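The values are calculated or read from the model by the stated rules, or taken from the named source; none is laboratory data. Just so it is clear, the structure is predicted and the values come from calculations on it, not from any experiment. Cβ atoms come from the backbone with ideal geometry, glycine included; neighbour counts cover every protein chain shown. SASA here: full protein model, heavy atoms, side chains in, ligands and nucleic acids out. Shrake-Rupley method; radii C 1.70, N 1.55, O 1.52, S 1.80 Å.
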Amino acid sequence: MNMENDNNVNENSVEDIVSRYRPQLDKIVPYVRWLKDNSSNADVAQSYSNSDLKSMPFPVYDSNLLAFVKACQSTNLLDRNYVYVYSRNHLNSAKDEIMFINDAGIANMEDLAGILSKYILGGMTKGTLWAEGVRNGVLHRVVEKMDELCKFWGQESDRPLA
């Protein structure tokens with residue numbers, strides 16, 4: 001991820017993390033409710049094929065899913081090196097991802113962005129990955145957790161110490 005420190009706070013301090021991630025999250029947080037409502041059993045992508053044309057089937061996505069993906073692509077949250085997040089944290093399945101997300105703290109924001117990256121960047125080449133991320137709840141949970149952490153720690157930095 002290539003988000004720069006504004007030199008007003010120590011690099012990787014809580015204030016720095018919140019100030020780097022908050023503006024990026026504001027672009028994708030509006031989709032949290034839709035992601036939650038469509039997790040587990042919703043059809044957010046259908047396969048279209050026409051036997052008359054003898055064409056290869058291709059996915060047709062829900063417009064909200066495409067808008068969410070486009071919003072994610074417009075942020076600095078996506079990291080092409082997300083594979084290292086998976087190997088470093090021993091994440092092999094959606095169950096592992098969800099357990100990691102549930103236990104994540106503010107120091108794990110880069111790793112959470114790596115999980116988001118897997119689904120958004122991977123979905124550009126693997127047609128079912130975006131829908132799978134919605135269906136298994138990982139996309140909803142990762143965006144919600146990142147927002148929750150920024151809100152919690154952002155409030156802490158706004159209050160005076162004494």
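One table, with the values for the structure above:
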| quantity | calculated |
| --- | --- |
| Helix 63-73 vs. the chain, principal-axis angle (Cα, 0 to 90°, nearest 10) | 40 |
| Among (i) 72, 30, 27; (ii) 97, 49, 25; (iii) 64, 27, 22, the entry derived from the coordinates for Cα extents along the principal axes in Å | (i) |
| Solvent exposure ordering (accessible area, 1.4 Å, most first) of 121, 116 | 121, 116 |
| Loop trypsin sites (Lys or Arg not before Pro), the stretch 57-162, which have at most 16 other Cβ atoms in a 10 Å radius of their Cβ (DSSP) | 80, 126 |
| Carbon plus sulfur fraction of accessible area for the chain, probe 1.4 Å, in percent | 48 |
| FRET E, pair residue 11, residue 155, Förster distance 30 Å, beta-carbon r, rounded to 0.05 | 0.90 |
| Contact order relative to length of the chain, as percent, for alpha carbon pairs under 8 angstrom and 6 or more apart | 32 |
| Proximal lysines relative to residue 151, as straight alpha-carbon distance under 28 Å, when same-chain residues fewer than 8 apart are discounted | 27, 36, 70, 95, 118 |
| Helix-derived mean residue ellipticity, 222 nm - over the chain, DSSP H n ≥ 4, -39500 (n - 2.57), to 500 | -17000 deg cm²/dmol |
| 10 Å Cβ shell holding at most 15 others, DSSP loop, GluC sites (Glu not before Pro): longest site-free stretch of the chain | 12-162 |
